[in-house]
1. What's the number of the only condition in (1) over 24 Å from residue 100 (Cβ atoms); (2) modelled with pLDDT under 90 that residue 35 fails to meet?
2. Give the residue that is surrounded by the fewest Cβ atoms within 10 Å (Cβ to Cβ), with candidates limited to residues of segment 117-137 that are farther than 15 Å from residue 17 by Cα and touching a helix residue (DSSP H, G or I) at 6+ places or on another chain (Cβ under 7 Å).
3. Determine the pairs where a residue that is open to solvent by 40 Å² or more (accessible area, probe 1.4 Å), located within segment 73-92, has a partner that is assigned to a helix (DSSP H, G or I) and modelled with pLDDT of 80 or more with Cβ atoms under 7 Å apart, the partner being 6 or more residues away or on another chain.
4. Restricting to segment 76-86, and then to whatever is aliphatic (A, V, I, L, M) and touching a strand residue (DSSP E or B) at 6+ places or on another chain (Cβ under 6 Å), can you tell me which residue is farthest from residue 146 (Cα to Cα)?
5. Would you mind telling me which numbered condition in (1) out of contact with any Ser or Thr (no Cβ under 8 Å at 6 or more places or on another chain); (2) among the hydrophobic types (A, V, I, L, M, F, W, C); (3) modelled with pLDDT under 90 residue 80 fails?
6. Across segment 105-116, what is the total count of residues that are open to solvent by less than 40 Å² (accessible area, probe 1.4 Å) and either over 24 Å from residue 62 (Cβ atoms) or modelled with pLDDT under 85 (or both)?
Amino acid sequence: MRGTYALARVVVIRGAMARTLMWIGAVGAVAGLIVPSLTGRAHGALLGGGLFVLAALAALLQRRRWYAARARAAAKAAFAITVEPPKETRPRLARANALGLLGGMAATCALGLLGGPAAGLLVLGYGLGLLLAAALLARWERAHRTVLWARTEDGRLFGRRSRIGAFATTGPAAGQVRPVVHGAGRR
């Protein structure tokens, strides 16, 4: 990677996407419990509980080896990079995925009419599994005293593997970066 470019923490990106999916799933599950469905609340909740566990396990195990291989192959970040603070990464991803968030909530609420809370619990379980995977990646970072970064263009880290660039590493102090203050200072 040559030239000047911006990097965002891989753990923050995965965590932000996991929290988005958890919100979508929670809204869908609540909507499925409130509105009467074709399967009924009891059957929908029972089916949703099983789907929740399966989705959480699938998300936890998905791409685990791929991320581990990327982490091992990551090169030290160049001097000419800009690291994006987590407090700026999360709102940027929320703005970029706002339409998807609304569409996902609408879809899980609509599926709540058919299967009760099952669809919402499925999405909630997947989000929880991704959050646990991000926590395991953060644990790996602490154990190796390094921080993993991806280019901000690779912001979702859900797309095709071939479209995601190489990861970069820095020391743990770079993970504590604070946003640059724009405008007037504090008084």
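1. (1)
2. Here the residue is 122.
3. Between residues of segment 73-92 that are open to solvent by 40 Å² or more (accessible area, probe 1.4 Å) and residues that are assigned to a helix (DSSP H, G or I) and modelled with pLDDT of 80 or more, the close pairs are 90/12; 90/16.
4. Per the criteria, the residue is 81.
5. Every listed condition holds for residue 80 apart from (1).
6. Adding up the residues that qualify gives 3.
The values are calculated or read from the model by the stated rules, or taken from the named source; none is laboratory data. If you're wondering where the values come from, they're calculated on a predicted model, not measured in any experiment. Heads up, the Cβs are rebuilt from the backbone with ideal geometry, glycines too, and the neighbour counts pull from every protein chain shown. Surface accessibility is based on the protein's heavy atoms, side chains included, excluding ligands, DNA and RNA. Shrake-Rupley method; radii C 1.70, N 1.55, O 1.52, S 1.80 Å.
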